[in-house]
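Since every read-out is calculated from the coordinates, none of them should be taken as a lab result. Please read all numbers here as calculations on a predicted model, not as lab measurements. Cβ coordinates were reconstructed from backbone atoms using ideal geometry, including for glycine residues, and neighbour counts include every protein chain displayed.
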Ligand SMILES: [Zn+2]
């Protein structure tokens, strides 16, 4: 399984917790001995335009560093999705995150909707007909939901629950529905961890979630699965949480 990463993701392209200095380094350290890293190319403008309006793209372009890093994050998502067709799962260790980016607006540390851009490209190229997006970030991915609002082909699933047990049961039940998809994409935010903003999940829960996604993908989408980093803000636990998820997610 490959991890998609680019040195430019280290850049401090904005003043927000997702862009904070020192956020990517501990994740890289946790993963670099266990996984092969590959470098993506930036997404092309036509890739961005499958999701975003030209005015929105132009507004991000006004900040050249932000545009460069955000385009590389979208390109990382595209590469992760494409690698799944070579018979291996992939994880995009990317930033800025994307799930709060709607077609014509964005907020919440997001600029381009990475997962939506990757899925739209697969649909446009007719590599898949249907996709499931599981988003286990603490926050609802309004941008992803808005992008695919009314779509019969792309299902967005953001599990909920009042406590750890009910949350995990809800997530697992959502993956138990028997429908077939071309791929499952995971918006992997780690801000629901007990030592992060959400204060709920334990590190080992991410491994369980990874395993459930793996099992789902083998049953419902020929094993095709990729994950993308969304939130997660406690630098002292992020590395081990991402690693835990990938240990369940990999083959
Ligand atoms: Zn979040």
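Just one of the numbered conditions (1) more than 16 Å from the ligand (Cβ to nearest atom); (2) within 23 Å of residue 129 (Cα to Cα); (3) touching a strand residue (DSSP E or B) at 6+ places or on another chain (Cβ under 8 Å) is not true of residue 228: (1). Taking the stretch 129-147 as the range and being touching a helix residue (DSSP H, G or I) at 6+ places or on another chain (Cβ under 9 Å) and crowded, with 21+ Cβ neighbours inside 10 Å as the test, the residues that pass are 131, 132, 133, 134, 135, 136, 141, 143, 144, 147.
Take the stretch 66-105 and flag every residue that is more than 16 Å from the chain's Cα centre (by Cα) and either more than 22 Å from residue 232 (Cβ to Cβ) or within 16 Å of the ligand (Cβ to nearest atom) (or both). Residues satisfying the conditions are 67, 68, 85, 86, 87, 88, 103, 104, 105. Among the conditions (1) surrounded by 16 or more Cβ atoms within 10 Å (Cβ to Cβ); (2) over 16 Å from the mean Cα position of the chain (by Cα); (3) closer than 22 Å to residue 2 by Cα, the only one that residue 232 does not satisfy is (2). Beta carbons closer than 9 Å, at least 6 apart along the sequence or on distinct chains, pair a first residue in the stretch 192-204 that is free of Cβ contacts under 8 Å to residues at least 24 places away in the same chain with a second that is near the ligand (Cβ under 9 Å from one of its atoms) and assigned to a loop (DSSP other than H, G, I, E, B) for 199/192.
In the set 193, 155, only one residue is surrounded by fewer than 22 Cβ atoms within 10 Å (Cβ to Cβ) and farther than 21 Å from residue 48 by Cβ; that residue is 155. Taking the stretch 4-34 as the range and being farther than 20 Å from residue 68 by Cα and touching a helix residue (DSSP H, G or I) at 6+ places or on another chain (Cβ under 7 Å) as the test, the residues that pass are 26, 27, 29, 30, 31. Suppose the filter is part of a helix (DSSP H, G or I), without any contact (Cβ under 8 Å) to a residue 24 or more places away in the chain and within 28 Å of residue 69 (Cβ to Cβ); does residue 145 pass it? So residue 145 fits the description; yes.
Okay, residues lined up against (1) within 16 Å of the ligand (Cβ to nearest atom); (2) closer than 19 Å to residue 96 by Cα:
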| position | (1), (2) |
| --- | --- |
| 186 | yes, yes |
| 198 | yes, no |
| 207 | no, no |
| 216 | no, no |
| 221 | no, no |
| 224 | no, no |
| 232 | yes, yes |
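Mind listing just one residue for me: the one in the stretch 158-184 that is more than 27 Å from residue 129 (Cβ to Cβ), under 20 Å from the mean Cα position of the chain (by Cα) and surrounded by 15 or more Cβ atoms within 10 Å (Cβ to Cβ) and, of those, nearest to the ligand (Cβ to nearest atom)? Give the derivation first.
The initial filter retains those residues of the stretch 158-184 that are more than 27 Å from residue 129 (Cβ to Cβ), namely 160-169.
Among the residues that remain, those that are also under 20 Å from the mean Cα position of the chain (by Cα) are: 160, 167-168.
Adding the requirement that they be surrounded by 15 or more Cβ atoms within 10 Å (Cβ to Cβ) leaves 167-168.
On the way: 167: 14, 168: 18 Å.
Residue satisfying both the conditions and the ranking: 167.
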